[in-house]
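Undergrad: Sending over a structure as structure tokens; questions will come in a sec.
The values are calculated or read from the model by the stated rules, or taken from the named source; none is laboratory data. In this text, all values refer to a predicted model and were calculated from it rather than measured experimentally. Here Cβ is always computed from backbone atoms with ideal geometry, including for glycine, and neighbour counts include all displayed protein chains. Note: accessible area is taken over every heavy atom of the protein model, side chains too, but ligands, DNA and RNA are not part of it. Shrake-Rupley method; radii C 1.70, N 1.55, O 1.52, S 1.80 Å.
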Amino acid sequence: MARYTEMTPDELAHERSIVADEYEEILARGLSLDMARGKPSAKQLDLSTPLLTELASASDCFSEDGTDCRNYGVIDGIPEAKRLMASLLDDKPETVIVFGNSSLTVMYDTIQRCMTYGCLGSTPWGTLDTVKFLCPVPGYDRHFAILEQFGIEMIPIPLLETGPDMDEVERIVADDASVKGIWCVPQYSNPSGITYADETVRRLAQMPCAASDFRIFWDNAYCVHDLYADPAMQDRVLDIGIACTEFETSDRYFKFASTSKITFPGAGIAAMAASRANIEETKKLVSTQMIGSDKLNQLRHARFLPDEAAIAQHMQKHADIIRPKFELVEQMLEEGLDDAHIATWTKPHGGYFISFDGLPNTAKRTVELARNAGVKLTGSGATWPYGNDPYDANIRIAPTMPPIEELAEALEVFVCCAKLAALEALER
């Protein structure tokens, strides 16, 4: 088959007729499939069922330091939970606060504190005329939604294979004091799956910033989510805390992680790590918001995942479930779209997503065609601030939740819709 972009008008019309017939056949199936969000599958959730019985009696409910986890107190987390989350955050337990089940909530509250109280004595962001954030794209829609709710202006930054375009980042932050932060998903980024290069991390840590209260929001959501057991196929990111310490900018970062895609989303534990000064300020501010998070849940998790070896073993079980799904996506996209030369997609070593770029002005139509055929995808534009992809090209593929048989059926639909949308665009 010739490349679509090289076809004559007659050849395009003939090919569109063939693909349209395929689409009509798919419509007749009456499908109802969901590939919209990066949720773990039921088989993955089953892996953590033993966690529910870790505390079987009153005597099981005491932390190693004697804390009765059934009662009030311990605002920053019990010791074993702080160690667990420190291992995910590449940090020390003493500079970790363990919160509730959602890292997104912790990130939201951290933005709220910056807006209301400022950072370590700086002017509260909410009193300023303009507050801006750098947003690597494609990126995580819920990060963007937080900023939009607070009225923070978002500046898209191209996400390269090495991380954010640092030439652009450095240019902007050096001259504009209203730019207060940047979102980063540094390892197996959502949705591209790329991992930041060491040089990128060091440049983030050392770059001159016009705003003395500039903050890096380091959402290391996929820090242990490798797809492959072979170390050569595993990405690792340089820790932003280590880099900032090296360049004497240790107050510049907030790090976040959770067990949401390790154990139970909505019933895990989340944490933040930062400099000692940032942690002390955070503890002081949250002490009026709460008396402590769910210590019983912290204790269950710490006993279920007592050390890094246990985490690695548990995550390998996750990988064994989802790796065939990622490999199926790659196989079906290659078989269905390679010859047409109408799209590119990432091939990550971990994480939960694949980033797909079709021809310009085709993403909305592809998603629409898929929805009409009974396959729900992440909305086009979701990977850009304000839901506005200026190229109308990017689609986030989330293969983890459907059973592999349903995933194969959904991908068949997706390939057909991507081809039909491309042919329609080329005929215009």
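For (1) buried (at least 17 other Cβ atoms within 10 Å of the Cβ); (2) touching a residue at least 40 places away in the same chain (Cβ under 8 Å); (3) under 30 Å from ALA398 (Cβ atoms), each residue gets a yes or a no:
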residue	(1), (2), (3)
LYS43	no, yes, yes
THR53	no, no, no
ALA58	no, no, no
SER63	yes, yes, no
GLY73	no, yes, no
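Undergrad: Filter region 107-118 down to the residues that are in contact (Cβ under 8 Å) with a residue 24 or more places away in the chain and open to solvent by 10 Å² or more (accessible area, probe 1.4 Å), then identify the one that is nearest to the chain's Cα centre (by Cα).
TA: Per the stated criteria, the residue is TYR108.
Undergrad: While we're looking at this one, here's another question. Scanning for something hydrophobic (A, V, I, L, M, F, W, C) and not in a helix (DSSP H, G or I), does region 167-174 turn up at least one residue?
TA: No, there is no match, as no residue in region 167-174 is hydrophobic (A, V, I, L, M, F, W, C) and not in a helix (DSSP H, G or I).
Undergrad: Answer yes if at least one residue in region 401-421 is open to solvent by 10 Å² or more (accessible area, probe 1.4 Å), within 24 Å of PHE144 (Cβ to Cβ) and touching a Phe, Trp or Tyr at 6+ places or on another chain (Cβ under 8 Å), and no otherwise.
TA: Taking every residue of region 401-421 in turn, none turns out to be open to solvent by 10 Å² or more (accessible area, probe 1.4 Å), within 24 Å of PHE144 (Cβ to Cβ) and touching a Phe, Trp or Tyr at 6+ places or on another chain (Cβ under 8 Å).
Undergrad: Across region 178-224, what is the number of residues that are over 19 Å from SER355 (Cα atoms) and among the aromatic types (Phe, Trp, Tyr)?
TA: 3
Undergrad: Out of SER275, SER293, which single residue is more than 15 Å from SER258 (Cα to Cα) and of a type in the set (Gly, Ala, Ser)?
TA: Step by step, each of SER275, SER293 is checked, and only SER275 is more than 15 Å from SER258 (Cα to Cα) and of a type in the set (Gly, Ala, Ser).
Undergrad: Moving to a separate point now. Show me the helices (runs of 4 or more DSSP H) entirely contained within region 262-367 in which 1 or more residues are within 30 Å of THR53 (Cα to Cα).
TA: 295-304, 308-337
Undergrad: In region 181-207, what count of residues is obtained for those that are open to solvent by less than 10 Å² (accessible area, probe 1.4 Å) and out of contact with any strand residue (DSSP E or B) (no Cβ under 9 Å at 6 or more places or on another chain)?
TA: Of the residues in that region, 1 qualify.
Undergrad: Name every residue in region 227-261 that is outside any loop (DSSP other than H, G, I, E, B) and either open to solvent by 50 Å² or more (accessible area, probe 1.4 Å) or among the aliphatic types (A, V, I, L, M) (or both), in order of residue number.
TA: Once the filter is applied, which keeps residues that are outside any loop (DSSP other than H, G, I, E, B) and either open to solvent by 50 Å² or more (accessible area, probe 1.4 Å) or among the aliphatic types (A, V, I, L, M) (or both), region 227-261 yields PRO231, ALA232, MET233, ILE240, ILE242, ALA243, THR245, GLU246, ALA257.
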